[in-house]
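Colleague: Okay, handing you the structure first.
The values are calculated or read from the model by the stated rules, or taken from the named source; none is laboratory data. As the structure is a prediction and not an experimental result, all values here were calculated from the model. Note that we place each Cβ from the backbone using ideal geometry, even for glycine, and neighbour counts take in every protein chain shown. Note: areas computed on protein heavy atoms with side chains; ligands, DNA, RNA excluded. Shrake-Rupley method; radii C 1.70, N 1.55, O 1.52, S 1.80 Å.
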Amino acid sequence: MMWSWIPDNWSLIWQLTWETAKLGVLSALYGLIISVPVGIVAARWRWFYPPALIGANVLYGIPSLALFVALIPAFGLTDTTVIIALTIFSICIILPNVVEGLRSVPDAVRQAATAMGYGALRRLVTVELPLASPVIIGGLRVGMVSSISLASIGQLIGVSSLGYLFIDGLQRDFPTEIYVGGLLIIALAVVCDLILVGIRRILTPWQPRREKRSRRVTTVAVRGQAA
Amino acid sequence: MSFFSWAWDWVTASANWHGQGSIPQQILAHLGYTILPLLIAALIAVPAGVAIGHSRRGAVAAVNLANAARSIPTLGLLVLLAVLLGFSFLTWLLPLVALAIPPILVNAYEGVAGVDPGVKDAARGMGMTSWQQVTRVEVPIALPLILVGLRTGAIFVVATATIAAYIGLGGLGRFIIDGLASNEYGPVAGGALLVVVLAVLVLGFFAVLNRLVVPAGLRSQAKASRTE
């Protein structure tokens, strides 16, 4: 470990961290924006869900590097390629949670909302989605942590991120760079995760402070993504 | 030209199927890089997950640790070991084993911990010892989830063995990394396509395995609950 390297390269480190955060966070948020409407459709029209789930599982089995490569002819060696690939992976993780979350809303609650004169749309927006939000945010957390970690692979097709420190560190045989890159990716993932936990607490004040997840939800959340 | 036409032209060119570093050789190498770490990870994580699920000791710590492990960038771990250890076999083995352990451990734990307490009571009531309860009742019932864990671990390892080519390993990643370095898109697309095919084959292999080893009663039950 050569500590002096860190202040000497401060601006580079800061820029790479910012780029990694941008790639990881944007992909997870795009994944959320796409998963919520698709999940609502899948929770309502049940025949739609099994094929969607199989599709998600197959897409999810694609190595990230292979997916980046497959998108190169269309989008080139750019941020867009990496963001689209990571968005696809995020959807595979978030979509099942949206569906599980909406399905876990008790029937009695739904009926009570209907009895109070709520229409389908108002019930969805003001009752079902808020009740499903802890599970949806659980999926978003996994999607965001994996996207941040995977963004570093984008460096192999030349898209700048903290992965640069890995590759440069290997070529120069300089472990300090690799430590800094790895620790910053983990730190970034932890910070984003804590922010999402905070958002969940603000959005769902009725939930107990300590996390309570049903067994089913944990199993969904365990998935994540490899390289 | 699209991704698929590039990939198809390269994969079907007969020159790529012969000689040093040909497609069949790299597929075999890739399988080698997949099977060994997966076996080691399974030998560690399945017994550990079953033990945690049965005793419920250390469950929260194990699940949280496994979730936290997801944020570790594998590329970083790989290059770090390459710099620290040089190109020994531990350099590629350790990250791949570390990658496969969390999903296998967590699913084995979830599977065993989720066994219906009534079934466990019945097993105890029939006079089974603790060991018999685990091996004859809990593990068979947990098998579908244990297989899901192994499948996820296998997919992780197949995918990541691709990246391992970056530190000089063989396997299908070789085509992608070398192609990118020499600006040839043919091998890049072809290598990526072959990795995806391999991943789909792994999914198929586990679907078959699931049919072979999961008790018939459990399968028909799963089918019944699905149609409900």
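Colleague: Given 20 °C and 1.002 mPa s, compute D for the stretch B:138-225 with the Stokes-Einstein relation, Rh being the Kirkwood radius over Cα pairs; round to the nearest whole µm²/s.
Modeller: The estimated diffusion coefficient comes to 144 µm²/s.
Colleague: Roughly how big is the protein assembly as shown's charge dipole about its Cα centre, with Cβ charges of +1 (Lys, Arg) and -1 (Asp, Glu), in debye to the nearest 20?
Modeller: With Lys and Arg at +1 and Asp and Glu at -1, about 1920 debye.
Colleague: In degrees, nearest 10, range 0 to 90: what is the angle between the Cα axis of helix A:10-44 and the longest Cα principal axis of chain A?
Modeller: Its long axis makes an angle of about 20 degrees.
Colleague: How far, in nm, would the chain grow between residue B:126 and residue B:4 when pulled straight, counting 0.36 nm per residue and subtracting the alpha carbon separation?
Modeller: 38.0 nm
Colleague: Let me ask something additional. ³J(HN,Hα) across the stretch B:56-65 via Karplus (A = 6.51, B = -1.76, C = 1.60, θ = phi - 60°), whole Hz, x for Gly/Pro?
Modeller: Those phi angles translate into 6, 8, x, 5, 4, 4, 5, 5, 5, 4 Hz.
Colleague: Return the sequence-ordered ³J(HN,Hα) values of the stretch B:164-174 in whole Hz as given by the Karplus equation 6.51 cos²θ - 1.76 cosθ + 1.60 applied to θ = phi - 60°, using x for Gly and Pro.
Modeller: Going residue by residue, I get 4, 4, 4, 9, x, 7, x, x, 5, x, 3 Hz, with x marking Gly and Pro.
Colleague: Which value, in debye to the nearest 20, describes the size of the charge dipole of the stretch B:20-152 about its Cα centre when Lys and Arg Cβ atoms bear +1, Asp and Glu Cβ atoms bear -1, and nothing else is charged?
Modeller: In debye, rounded to 20, the stretch B:20-152 gives about 120.
Colleague: Ordering B:88, A:146 by accessible area with a probe of 1.4 Å, largest first, what comes out?
Modeller: Largest accessible area first, the residues go B:88, A:146.
Colleague: Would you mind computing, in nm to one decimal, how far apart the modelled labels at residue A:33 and residue A:5 are, each placed 7 Å from Cα along Cα→Cβ?
Modeller: About 3.7 nm, to one decimal.
Colleague: Do the sum for chain B: with -39,500 (n - 2.57) for every DSSP H run of n ≥ 4, divided by all residues, what is the mean residue ellipticity at 222 nm, to the nearest 500 deg cm²/dmol?
Modeller: Here the helix-only value at 222 nm equals -26000 deg cm²/dmol.
Colleague: Could you estimate the translational diffusion coefficient of the protein assembly as shown from the Stokes-Einstein equation, with Rh from the Kirkwood formula over C-alpha pairs, at 25 °C and 0.890 mPa s, in whole µm²/s?
Modeller: 106
Colleague: Right, here's the next one. Just round it to a whole percent: the fraction of Cα-Cα distances in the stretch A:12-68 exceeding 16 Å.
Modeller: Cα-Cα pairs of the stretch A:12-68 separated by over 16 Å account for 62 percent.
Colleague: For the stretch B:200-217, what does the Karplus curve 6.51 cos²θ - 1.76 cosθ + 1.60, with θ = phi - 60°, yield as ³J(HN,Hα) per residue in whole Hz, taken in order and with x for Gly and Pro?
Modeller: 5, 4, 4, 4, x, 4, 6, 5, 5, 4, 4, 5, 7, 9, 6, x, 4, x
Colleague: Here's another thing I want to ask about it. Expressed as a whole number of Å, what is the distance separating the alpha-carbon centroids of the stretch A:99-169 and the stretch A:4-36?
Modeller: With the stretch A:4-36 and the stretch A:99-169 each reduced to a Cα centre, they are spaced 19 Å.
Colleague: Now for a separate question. Counting chymotrypsin sites (Phe, Trp or Tyr not before Pro) as exposed when in a DSSP loop with at most 11 other beta carbons within 10 Å, what is the longest stretch of chain A free of them?
Modeller: The segment A:46-205 is the longest one with no such site.
Colleague: May I pose another question? To the nearest Å, what is the center-to-center distance of the stretch B:89-112 and the stretch B:116-138, using C-alpha atoms only?
Modeller: With the stretch B:89-112 and the stretch B:116-138 each reduced to a Cα centre, they are spaced 27 Å.
Colleague: Now for a separate question. Please report Rg (one decimal) and Dmax (integer) in Å for the Cα set of the stretch A:18-149.
Modeller: Cα only, the stretch A:18-149: 16.6, 55 Å (Rg, Dmax).
Colleague: As an exercise, find the ratio Rg/Rh for chain A from alpha-carbon atoms, using the Kirkwood inverse-distance average for Rh.
Modeller: Using Cα coordinates only, the ratio equals 1.05.
Colleague: Please determine, in degrees from 0 to 90 and to the nearest 10, the orientation of helix A:49-60 with respect to the longest principal axis defined by the Cα atoms of chain A, where the helix direction is its Cα long axis.
Modeller: The angle comes out near 10 degrees.
Colleague: Residue B:28 versus residue A:45, label points 7 Å from Cα toward the beta carbon: distance in nm?
Modeller: 5.0
Colleague: Can you give the angle from 0 to 90° between the axis of helix A:175-203 and the longest principal axis of chain A, with both taken from C-alpha atoms, to the nearest 10?
Modeller: With both axes taken from Cα atoms, the answer is about 20 degrees.
Colleague: Just in the stretch B:1-103: which chymotrypsin sites (Phe, Trp or Tyr not before Pro) are loop by DSSP and have at most 14 other Cβ atoms within 10 Å?
Modeller: Qualifying residues, ordered by number: B:87.
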